[in-house]
Every structure is written in C-alpha cells, then in structure tokens.
Amino acid sequence: MPKDSIQPAVGPDTTALRLPRKRMSKWHLYSRRFRRNRPAVAGLVIFAVLVLFALIAPLIARFDHTELDFLSLGEPPNGDHWFGTTSAGNDTFAQVSIGLQRSLMIALAVSVGTTAISAVVGTAAAYFGGMFERFTLLLIHFLMVVPTFLLLAMFSNDSGGDWRTISLIMILIGWFFPARVIWTMALSLREREYVHAARYMGVPGMKIVLRHMLPNIGSLLVINFTLGVVAAVMIETGLSFLGFGVKIPDVSLGSLIGSGANTITSAPWLFYFPAAALTLLTVSMALIADGLRDALDPTSAAGGRA
Amino acid sequence: MIVVATNLTYFLAWGFLDPRNNYVGRRPPLSEAQIVQLLQPRNLSDTVPLFERWWNWLSGIVFRWDWGVSPVGQSVNEQVAYRMWVSAELVLGATIITTILGIALGVYTASRQYKLADRIGQATSIITMNINIVVAALGIVLLAISFNKMVGTTVFFVTGSASPNVTGFFPIIIDALQHLILPTVALVIIGYAGTHFLQRSLLLDNINADYVRTARAKGLTKAQAIRKHALRTSLIPVATQVAFTIPTVFMGAILTESIFGWNGMGRYFLETISKNDIHGTVAIAAFGAVLTAIGALLADIAVVVLDPRVRVS
C-alpha cells in the first residue's frame, strides 16, 4: 500500500494520476513554522502564564493591593504574604499582580495605537505622495529631533499618574519612528500592479491604502507590534521608576521596582518579584517576535522548509 | 532644525512647568509681590508676557551665550558644563566597550554560524538585550554589595562618581575606576546585544561573497579573509548605527545615573523637571539635539573612512 504522502511519478510514460494533495492553509503554515522555533514557543508559554497570573492572581490574593496589614510590616515572604510585605504593610503578591496587569495594559494599548497610526500614516503618505507626503515626512523628521523622552516626562508628570493618559501620550510620541520605516516599505508597494489596477478601477484612495497596501505589510506590522510591546514596557517602567509615570495608589512594575530599589539591601524581595516579572515579560515578548519573524517571512531560512 | 526644536521646547516647557509652584506651601507663605520679585530678575516670572520672556532668553543665548538661570539662581551654563563631563566619562567608556564587544561577538558567532558557540551567544544576547536597565543596574548593585561583604573592603562603590578627599594621581584614577565600573557594566550589558545581532547578520550576508572566496583562494586564512575583506564591508552599517545611538545612550543613562547617584546630565534632567527649572530643561533639549546632529556627522565620517567608494571632494 503506497503511502499517502508520496506522489507517484508523473510524466508522459505513466498514466498514474497525481494524488489530490491537501493544500496547507496560511495559518497552518505559519503555526508550523512558529512551532519549529523552540525558544519562541517557550516565550509564548511564559507570556501566557504571565497574562494568566495578572488576571487570576488578584482574585486569589488574600489581600487587596491597597490594603495595609499593620500586623506584618516589612516581612519577608511567608505563608500569609507569599511575596512578603512592604514597610507600610502592602502585600507584595497583590501589588505585583496588579502592577503586571497595569504594565501589560499600558504596553498593549500603546503598541496597538502606535502600530495602527504608524501603519496608516506611513502607507497613506507613500500612496498619496505630493504635498501630503512631503508634509508628513517633514513632521516626522521634526519629531525625531525633538527630545521625546523629555516631552514624555513633562506630559506624564502633568497627567497625575492616570495610566490611560500616560498610554495616550506614549502613543502620540511613539508613532513616528515606525511610520518612517513603514513609509520606506510602502514606497515599493505603491508601484505594484495590483495597486495600479485598483486605482484604475476607480477604488478610492483611502480604501486602496487600507485594503490593498496594509495587508501586504502585515507581517512587518505584527513584528512591529510585538517589539512595540517590549519598548512600551521598557519606557513605562523607566517613567514609573523615576516617579513620572503611574502614581500611588495605582502601581505598575516600574513603580514597584522604584520603591523596591530604596530598600534593596534591607528588603530585597520587594525588588526580586517585580523585577522577575518584568524580565520574564520583556524576554518572552522578544522571543515571540523572533519566532514570528521567522514564521511570517517567506524568504527566511531559519523557518526551515514549508 | 535644532534651533526650531529648542524654541518649541521653550514654549512647551512653559506650558507644563510653572516656577511659581516652587513657592506654594512655603512656611511662612510668600506674598504675590515677593514671588514676582524673586522670579522677575531670573526671567521666570509669568507676569511678563511670554513673548518678552522668550525674547530675553533667546537674546541672552545669541548675544552672550547665556542659557539663563534656574529658579534658585544657579547658572545653567555652569551646571551643563560640569555635568556634561560627568556623563561623558560614563557614556563614552560604555559606548566604546559596547561597540568593541558587540562587533567582536558578532564576528565570532557569524564565523561559527549555527554551532554551539553561536547558539549560546544568541540566546545570551536576546536575554540581556531585553533586561530592563533598571533591573540590570539594581542586580549589579546587589551583586557588588555581596561581593564587597565577601571581600571585607569596599571594592566597588555603588553611589557617586568620585569620593571626596582623595589626593594624588594614582589614588584618584583608582577611585574613579572603582566608581565607574558598575554603571559601565550595567550600560554594556543592555547595550552590546544590539551591535552583536547587527554585526552578525551583516557579516553573514558577506561571508559567502565571491570576493571573500577569492581572498581565501589567494592563500589567506579564513580568519584573515574575514577580518580584512568581509568585516570591512559589513562594518559600515554598524558604524552608522553606533554613531546614531550616542544621543540615545546619553539620554538612556538617565536611569543609570539616578540609580548610581551620578550627577550627570541624566540626573540634571530629572532635577530640572521636578524643580520647574525651565531654562535647564530647554538647555538639555538643545544638548540632545546637538548630540543627534553630531551623531549624524560622525556616521557620515565613518562611512567615508570605511567605504573607499565614497569620495569626499
């Protein structure tokens, strides 16, 4: 009995029919190439565990993150307080889970926002050309000179520590660099036949940008999104660490590390747990981005065959 | 561009920072007239129209190279001139080590692609690149403190850039090194991986090129062929990238400086914002813009030096 997967020889001297071969769907192909990259799979698992932790831990924690336990001040990890307590009596376990949740929310919101804005602006600038393109590029180049971290610090210091405002500011300040990269990519797209064809069929400009050009840089956008999450976590941590970001009573990983840094010799557990969560988060996202790059890039050799 | 960006920052800074806030909550409270009297000679009073303040500030820079004073009367010029060198001491050393380490690792791993050394190098780099600078720096502090305890004397200082009361040439150098090592290590750990990855992938593109094979055929060893032919081509984009990261590193040292207690530009940046020091903030913005311009210039120079096809007329 012949194996299903082996094709019989086909040619003028045989009459054998080709076996109907199941076409591999796009997603099947991507997931297969992704799974071949073992570090990426590990990253995905770590990331899933972190997300689950951020979602479930506040429900099973015995204390609220703002609640003060006056009977145990500055205790190392024990049966009651799994990650120990701060000198004011906050439960570090609850704080870390809420902080992770906050950091994840900010990172995802910022990355979605910057990816969407940069993709639309970048491709639209390339497609429409002319004055619009020149104006957009001028704006981008100008924003590159402006000290963005300074603006970020000033704005978010003024915002009073609300994480939604901070995310919005981070989007407004972070979109232009990827937009410049996407513009370069889209320059070659606008000369493709299918874009010309769509234009001569009378498809409106914005629709061409959204329906025909954006899907063709989709893989770049997915990778940009994952790397954007890493960058957003890093920036948010930096801001909160310095005290410009999320403010008390709200916590994020950055502000937790910042307060843990002051007691690093006397109460190191306040530093260990948020630092571990942060490192796991960024490293896992970077591994996922690496795996996605191999999986989505049709010319990549690292993904192996098929 | 630099001029426009700096002026824009001046107006933005006025939009977000208010020197008047420094006097809120003073005991005994200052009267309105007293506050104005304190701020007006420093060109920081909001009773003067914004345009006039801006003109005073700009003409001071253009005609006298005077960047103004902080709300308590410190000269911004002096502060920047002093702190610039503190930062430079930290940043230049770290940048040089980062670049050399990154390029060396890139060459080493690229010439052993997919072998064990390459795999280990890649895995380490992807982890260190994504460790947050805060975590890396604090982890190093913890390690250094336990090392100091183990040895019994203070080998590494975890705060400050120099100890007071050190005299003599060699004691000063040793003291500076003791302070310098930890923050430099922190900056190198998070920074080298970017150069490593870039150098590795660029060298891999070139390592199988015809001219490298020709060089091997002429009788050069593999190491010589890579060093003299493949590396030279692939260094060009790396040099460009390194030159452009200089301003980023300078500003990225904000966190490192505040963790290790260095009074550099990064620390100054934080102080100016929290103390509503508008002139200082704007001076830092201008400093950053100038660094970007210098970075671009250095990148061009590096390309000219490395690429014989680029001719300067």
Checklist entry - What are the semi-axes of the equivalent ellipsoid of chain B, taken as the square roots of 5 times the eigenvalues of the Cα gyration tensor, listed largest first and rounded to whole Å? => result 45, 26, 16
Next on the checklist: Please report, in whole Å³, the volume per residue of the convex hull around the C-alpha atoms of region A:174-306.
Outcome noted: 149
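Note down the relative contact order for chain A as a percent, whole number, built from C-alpha pairs under 8 angstrom at least six residues apart.
Across chain A, relative contact order equals 26 percent.
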Checklist entry - Semi-axes of the equivalent ellipsoid of chain A: what are they in whole Å, largest first, if each equals the square root of 5 times a C-alpha gyration tensor eigenvalue? => result 45, 30, 13
Checklist entry - When the gyration tensor of the protein assembly as shown is built from Cα positions, what are the square roots of 5 times its three eigenvalues, in whole Å, from largest to smallest? => result 45, 32, 29
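If you count, for every residue in A:254-265, the Cβ atoms of partner chains within 10 Å of its Cβ, what is the mean?
Whole-number average of other-chain Cβ neighbours for A:254-265 is 3.
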Checklist entry - Taking one equal scatterer on every alpha-carbon of region B:260-313, how large is log10 of I(q)/I(0) by Debye at q = 0.29, 0.31 1/Å? => result -1.05, -1.09
Checklist entry - With the radius of gyration and the Kirkwood radius both derived from the Cα set of region B:1-152, what is their ratio Rg to Rh? => result 1.19
Item to check | Sorted by Cβ density within 10 Å, fewest first, the residues B:F147, A:F241 | outcome: B:F147, A:F241
Item to check | Over region B:36-119: Rg over Rh, Cα atoms, Kirkwood Rh | outcome: 1.42
Item to check | Distance between modelled label sites at B:A88 and B:T221, nm, 7 Å Cα→Cβ extension | outcome: 4.0
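Can you tell me what the convex hull of the Cα atoms of region A:85-136 projects to on average, as an area in nm²?
4.9
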Checklist entry - In the structure displayed, which of B:K115/B:K218; B:K115/B:K149; A:K26/A:K207; A:K207/A:K247 lie more than 30 Å apart, Cα to Cα? => result B:K115/B:K149; A:K207/A:K247
Checklist entry - Can you give me the relative contact order of region B:82-227 as a percent, contacts being Cα pairs under 8 Å and 6 or more apart? => result 39
Next on the checklist: Please compute the modelled spin-label separation between B:K115 and A:S31, points set 7 Å along Cα→Cβ, answer in nm with one decimal.
Outcome noted: 3.8
Next on the checklist: Taking 2.2 N^0.38 Å as the expected size of a compact globular protein, what ratio does the Cα radius of gyration of region B:1-48 give against it, to two decimals?
Outcome noted: 1.40
Next on the checklist: Helix-only mean residue ellipticity at 222 nm, the protein assembly as shown, DSSP H runs n ≥ 4 weighted -39,500 (n - 2.57), per residue, nearest 500. What is it?
Outcome noted: -23000 deg cm²/dmol
Item to check | Distance (nanometres) between label positions extended 7 Å along Cα→Cβ at A:I56 and B:R26 | outcome: 5.7
Next on the checklist: Over chain B, with a Gaussian network built from C-alpha contacts below 10 Å, which listed residue (B:A137, B:A293, B:A243) shows the highest mean-square fluctuation?
Outcome noted: B:A293
Item to check | For chain A, built as a Gaussian network whose Cα springs stay under 10 Å, the top-fluctuating residue of A:L104, A:L292, A:L55 | outcome: A:L55
Checklist entry - Taking region B:159-242, how much of its Cα-Cα pair set, in percent, is spaced more than 20 angstrom apart? => result 57
Next on the checklist: Let me check against my output: what whole-number percent is the relative contact order of region B:239-302, with C-alpha pairs under 8 Å and at least 6 apart?
Outcome noted: 48
Checklist entry - If the chain between B:F244 and B:K228 were fully stretched, how many nm would it gain, using 0.36 nm times the residue separation less the Cα-Cα distance? => result 3.3 nm
Checklist entry - If you rank A:W269, A:W175, B:W65 by fewest surrounding Cβ atoms within 10 Å, what's the result? => result B:W65, A:W269, A:W175
Item to check | Compactness index (Cα Rg / 2.2 N^0.38 Å), region A:192-248 | outcome: 1.88
Checklist entry - Dipole of chain A, Cα-centred, from +1 at each Lys and Arg C-beta and -1 at each Asp and Glu C-beta, to the nearest 20 debye? => result 1860
Checklist entry - Which Cα, out of A:L256, A:L44, A:H196, lies furthest along the positive dipole direction of chain A (beta carbon charges, K/R +1, D/E -1)? => result A:H196
Checklist entry - Per the Kirkwood treatment, what hydrodynamic radius in Å, one decimal, follows for region A:55-179 from the mean inverse distance over all distinct Cα pairs? => result 17.4
Item to check | Most fluctuating residue given options A:I106, A:I98, A:I248, as computed from a GNM of chain A linking Cα atoms under 10 Å | outcome: A:I248
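Read the figures in this text as sums done on the coordinates, not as results from a lab. All values reported here derive from a predicted model rather than from experimental measurement. Every residue, glycine as well, gets a Cβ built from its backbone with ideal geometry; the counts of neighbours run over all protein chains shown.
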